[in-house]
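The values are calculated or read from the model by the stated rules, or taken from the named source; none is laboratory data. For clarity, every value in this text was computed on a predicted model and none was experimentally measured. Every residue, glycine as well, gets a Cβ built from its backbone with ideal geometry; the counts of neighbours run over all protein chains shown. All accessible areas refer to the heavy atoms of the entire protein, side chains included, with ligands and DNA or RNA removed. Shrake-Rupley method; radii C 1.70, N 1.55, O 1.52, S 1.80 Å.
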Amino acid sequence: MPGHRFGRAVVMGGSMAGLLSARALADHFEKVVILERDSLPGMHAARKGAPQGTHVHVMLDAGHRLLERFFPGLLQDLQDQGAALIDSSRDVAWHHFGVWKSRVPQGLPLLVCTRPFLEWHVLRRVLALPNVEFHGGVSVEGLLTDASHQRVTGVRLKKAGVEEPLEAALVVDATGRGSRAPQWLEALGHARPDEEQVRVDLAYTTRLYEPPAHRQEDWKVLMQYPCPPVNWRAGFISRVEGDRWIVTLNGYFGEHAPADDEGFLAFARSLPQPDLYACLREARPLGPLTLHKVKESRWRHYERLARFPENWIILGDAVCAFNPVFGQGMSVAAQGAAQLLACIEEQARRFPTTLDGLAQRFRKRLSDTIRLPWFMGTNIDLQYPKAVGQRKPGVGVLHWYIRRMMERSSRDAAVHRQFNRLLHLQAGLGAVLQPSVALPVLADGARALFMPLHARANTDIRPAPPSSSP
Ligand SMILES: Cc1cc2nc3c(=O)[nH]c(=O)nc-3n(C[C@H](O)[C@H](O)[C@H](O)COP(=O)(O)OP(=O)(O)OC[C@H]3O[C@@H](n4cnc5c(N)ncnc54)[C@H](O)[C@@H]3O)c2cc1C
């Protein structure tokens, strides 16, 4: 049973990782204080501190299940207000690796809505917790520690230009990609973490649209992803609350979709499949185009540090910022918060009077959570010769297998489902290596020696879902 046995926890950053961590801590701390540089956000607009909010966001199966665990009834609330839980195969028309994926229902729901809408609903639930405070307009400038710098004891915050200390039993850094944790560690006399990166020079260019009145699409999400290594442009349409489309165009390696009408449409027309462009031509823009650059995926390996201060937790994008096209970030942030809760429960059971050891245990467990989505996302990116990152021995075999599995998924619903289980963080690598997947994939690999792709897979015709109702 939860009990408020520890004192005050401070969470820096009130975005997805921060809000979910606060929820996790609320069961065990007398008070949880969230310090967020932005003022309290609204439901409709992105914030300065989370500019990705104007761009398409979806939440994977593992992620929204955790949202529901943290906030029972939240998924229904979201759907009542216009979000959708869609089947990630039947309702998604997805062209990737040069083929259209099969659309047999898989029972792996994808949560679809705009990011500010989702964050606002989560925030509302967090604010309803009696022992959680949210302070907007407050920036954390540094850490307070004991004299030996082995133990974090609070933060230095800045509000309206004035700095002040705030003591805490536990401090959580959820400040995202811009986290200054490595600099702070160094200033305290500790080592900086190793950083692993895969550089993709990607940009998102996005706008909301009113769909054409006469539209007849049979999908709720249309994804036109590239076929590495031969092209690196992508497009995404997702039906979001308010019966709108959010349309994102992605370009890798500096080949970004322009944020002007003409350039945006021309980029859409240049995608290997015509579907997205055909939709866009008839839709009515509802706002400005916005552009957001993501230079790289980046994982800071705090778990490898031999020494690390007590009472300091780092999670979310501050630890690992993924290439967003695979939609993993919020779900892994939720998994990090769930992992934090599990570690605190264990702490309360085994060492009820102290938090010593929690930070060490957590950073190791978090790395176990990150490993698989990192492996999957970066190995798809590393199929592009232009992606800059470490290619480990044997990577060629792995890339060959991924490609054949993707191709096979256009006409083999069982293979597609196992890949989707991996993508949705609901299964490990075993799902795509089991005989029911590996044997057909290897057989297709043999066929690939003498049979062109279009003879083995569905390259051109967008499959209809089994039921005609969208
Ligand atoms: C273009 C794009 C599209 C994406 N699409 C998806 C998707 O489809 N699905 C998905 O799951 N994920 C997606 N992501 C990733 C997702 O947005 C993040 O993983 C998620 O927001 C969790 O991040 P976070 O909370 O760790 O950090 P952030 O969301 O970056 O939030 C950090 C917060 O900390 C605050 N802050 C920073 N410094 C300070 C400070 N010193 N003091 C106080 N506050 C501070 C900021 O204002 C901000 O609110 C996408 C990301 C991008 C860039």
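Scanning region 103-155 for residues that are without any contact (Cβ under 8 Å) to a residue 24 or more places away in the chain, closer than 16 Å to G18 by Cα and not hydrophobic (A, V, I, L, M, F, W, C) yields one hit, R124. The residues of region 348-358 that are within 18 Å of D27 (Cβ to Cβ) and either part of a loop (DSSP other than H, G, I, E, B) or under 28 Å from the mean Cα position of the chain (by Cα) (or both), listed by number, are F351, P352, T353, T354, L355, L358.
A quick yes/no check of all residues on (1) open to solvent by 40 Å² or more (accessible area, probe 1.4 Å); (2) touching a Cys at 6+ places or on another chain (Cβ under 6 Å); (3) farther than 30 Å from D381 by Cα:
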residue: F117; (1), (2), (3): no, no, no
residue: A128; (1), (2), (3): yes, no, yes
residue: V140; (1), (2), (3): no, no, yes
residue: H149; (1), (2), (3): yes, no, yes
residue: V171; (1), (2), (3): no, no, yes
residue: G178; (1), (2), (3): yes, no, no
residue: R192; (1), (2), (3): yes, no, no
residue: R215; (1), (2), (3): yes, no, yes
residue: P229; (1), (2), (3): yes, no, no
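Annotation note: of L66, L74, L78, the sole residue that is within 14 Å of the ligand (Cβ to nearest atom), closer than 16 Å to L110 by Cα and either open to solvent by less than 30 Å² (accessible area, probe 1.4 Å) or aromatic (F, W, Y) (or both) is L66. Counting the residues of region 95-111 that are more than 19 Å from D460 (Cβ to Cβ) and in contact with an Asp or Glu (Cβ under 8 Å, 6 or more places away or on another chain) gives 6.
Restricting attention to region 412-457 and to residues that are open to solvent by less than 40 Å² (accessible area, probe 1.4 Å) and touching a residue at least 60 places away in the same chain (Cβ under 8 Å), the residue that is farthest from A333 (Cα to Cα) turns out to be A457. The number of residues in region 333-369 being within 16 Å of the ligand (Cβ to nearest atom) and touching a Gly at 6+ places or on another chain (Cβ under 8 Å) comes to 6. Would region 373-382 turn up any residue that is within 30 Å of A169 (Cβ to Cβ), open to solvent by 10 Å² or more (accessible area, probe 1.4 Å) and in the same structural domain as R151 (by TED's automatic domain parsing)? The answer is no; no qualifying residue exists. For region 104-113, check the following and say yes or no: at least one residue is away from the ligand (no atom under 15 Å from the Cβ), small (G, A, S) and under 30 Å from Q224 (Cα atoms). Yes.
Going by what's in this entry, would F134 be described as within 16 Å of the ligand (Cβ to nearest atom), in contact with an Asp or Glu (Cβ under 8 Å, 6 or more places away or on another chain) and part of a strand (DSSP E or B)?
Answer is yes for this residue.
Candidates in region 300-314 are the residues that are aliphatic (A, V, I, L, M) and in contact with a Phe, Trp or Tyr (Cβ under 8 Å, 6 or more places away or on another chain); of these, the one that is nearest to H424 (Cα to Cα) is I314.
Of all the criteria given as (1) of a type in the set (A, V, I, L, M, F, W, C); (2) closer than 21 Å to F419 by Cβ; (3) buried (at least 19 other Cβ atoms within 10 Å of the Cβ), the one not satisfied by L355 is (2). Among the helices (runs of 4 or more DSSP H) confined to region 1-98, the ones with at least 3 residues that are outside the structural domain of L129 (by TED's automatic domain parsing) and over 19 Å from the mean Cα position of the chain (by Cα) are located at 74-80. Return yes or no: is L315 open to solvent by less than 10 Å² (accessible area, probe 1.4 Å), within 21 Å of L67 (Cβ to Cβ), in contact (Cβ under 8 Å) with a residue 24 or more places away in the chain and more than 8 Å from the ligand (Cβ to nearest atom)? Against the criterion (open to solvent by less than 10 Å² (accessible area, probe 1.4 Å), within 21 Å of L67 (Cβ to Cβ), in contact (Cβ under 8 Å) with a residue 24 or more places away in the chain and more than 8 Å from the ligand (Cβ to nearest atom)), L315 does not qualify.
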